[in-house]
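The block underneath contains the structure these notes are about, expressed in structure tokens.
The values are calculated or read from the model by the stated rules, or taken from the named source; none is laboratory data. Every value quoted in this text rests on a predicted model; they were computed, and no experiment measured them. What goes into the accessible areas is simple: the full protein's heavy atoms, side chains included, and nothing from ligands, DNA or RNA. Shrake-Rupley method; radii C 1.70, N 1.55, O 1.52, S 1.80 Å.
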Amino acid sequence: MTIIAVIGGTGKLGSALARRWAKSGCRVIIGSRAAEAASKAAAELGHGLSGMSNAEAAKLADLIVVTVPFAAQEATLLDIAPHVKGKIVVDTTVPLMPPKVMQVQLPAEGSAAIRAQNSLGPDVTMVSAFHNVAAHKLATDDDIACDVLVFGNDKAARSIIISLAGKAGLRGLHGGALVNSAAAEALTSILIFINKTYSVDGAGIQITGTLINPEA
Ligand SMILES: NC(=O)c1ccc[n+]([C@@H]2O[C@H](COP(=O)([O-])OP(=O)(O)OC[C@H]3O[C@@H](n4cnc5c(N)ncnc54)[C@H](OP(=O)(O)O)[C@@H]3O)[C@@H](O)[C@H]2O)c1
């Protein structure tokens, strides 16, 4: 069975995704800078989750999901880099730069996803996803009105993450090449703005129209 490591899985997005995946039967490890914090979070979340340091989790896993703030992205990727060659790494980073989180501020590389690919190099299959879904909604068992746009240059890897989104109860959709991740990353600042302006509790995005599965 595929082992999933959620790097920074003690946090809001990571813990919520890890819980949903573990609950659906996936084998999931929570990673943290502090192994003790990871074990504690895993025990609290239940569903057979285990916890260890980010590096150990990345080493044991086949698939790595990075859920840390933009400011921590580079250091975190450096930490796990020796253990992710030949694996799929899913980056969820939104380049929010407080305090102006309602304004789009993409990094010089064009997106957090491209920055991640540059950091880890070409031996890693980089995918990015889950930028627009509110962690506090994922932390419940409720249905969530938000599609997950999945970006990456490897279509087969995107398909794997689309099915992983499905295991978390979300509809994943191909969003195209990794460079397109900029659009979903930018959209999050607009969703935060909409939340504030219209008093919405976690606005999401949904693609309209009848979609025909390209794999069918
Ligand atoms: N929250 C959401 O609703 C949401 C939705 C979509 C996308 N995202 C994106 O997902 C990522 C994670 O968001 P989040 O809200 O889950 O973040 P978070 O809860 O603030 O942090 C996640 C984890 O990152 C680690 N971390 C925090 N600061 C760090 C630092 N300075 N250096 C290294 N590690 C650090 C911590 O783990 P340890 O202390 O255990 O190491 C923390 O538990 C962000 O890039 C965010 O933009 C979030």
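List the residues, sorted by chain then number, that are 5 or more residues from S50 or on another chain and whose placed amide H is less than 5 Å from its amide H.
Result for S50 returns V28, I30.
What would the Debye formula give as log10 I(q)/I(0) at q = 0.09, 0.12 Å⁻¹ for the alpha-carbon point model of the chain, no solvent?
So the normalised log intensities work out to -0.31, -0.57.
Counting only heavy atoms of protein chains, what accessible area per residue, in Å², does the chain have with a probe of 1.4 Å?
47
Students often get this wrong, so check it: of K40/K87; K23/K137; K59/K137; K40/K196; K12/K40, which have C-alpha atoms separated by over 24 Å?
K40/K87; K59/K137; K40/K196
Which value, in Å² and to the nearest 10, is the accessible area of D123 when all protein chains are kept and the probe is 1.4 Å?
The accessible area comes out at roughly 90 Å².
At 1.4 Å probe size, put S189, S163 in order of accessible surface, largest to smallest.
Largest to smallest exposure gives the sequence S163, S189.
When the solvent-accessible surface of protein heavy atoms is calculated with a 1.4 angstrom probe, in what order do K100, K196, K87 fall, highest first?
K196, K100, K87
Which of rounded, prolate or oblate describes region 60-153 when judged by the alpha-carbon gyration tensor and an a/c cut-off of 1.5?
oblate
Give the distance, in whole Å, between the Cα centre of region 106-125 and the Cα centre of region 147-214.
So the separation of the two Cα centres works out to 18 Å.
Under 5 Å between amide hydrogens, which residues at least 5 positions from V148 or on another chain qualify, with H placed 1.01 Å from N in the peptide plane?
Here the answer is R171, G172, L173, since their amide H atoms fall under 5 Å of that of V148.
What percent antiparallel are the DSSP beta bridges of region 77-181, to the nearest 5?
20
Can you pull the accessible area of F151 for me, 1.4 Å probe, Å² to the nearest 10?
For F151, the solvent-accessible surface is approximately 10 Å².
Restricting to the chain, what percent of DSSP beta bridges are antiparallel, rounded to 5?
Here the share of antiparallel DSSP bridges comes out near 5 percent.
For V148, V68, V200, give the ranking by accessible area with the largest first, probe 1.4 Å.
If we order V148, V68, V200 from most to least accessible, we get V200, V68, V148.
What number results when the radius of gyration of region 99-216, computed over Cα atoms, is divided by 2.2 N^0.38 Å?
Ratio of Rg to 2.2 N^0.38 Å for region 99-216: 1.09.
Before rounding to the nearest 500, sum -39500 (n - 2.57) across all DSSP H runs of length at least 4 in the chain and divide by the residue total; then give [θ] at 222 nm in deg cm²/dmol.
The helix contribution divided over the chain gives -12000 deg cm²/dmol.
At a 1.4 Å probe, what is the % contribution of carbon and sulfur to the accessible area of the chain?
56
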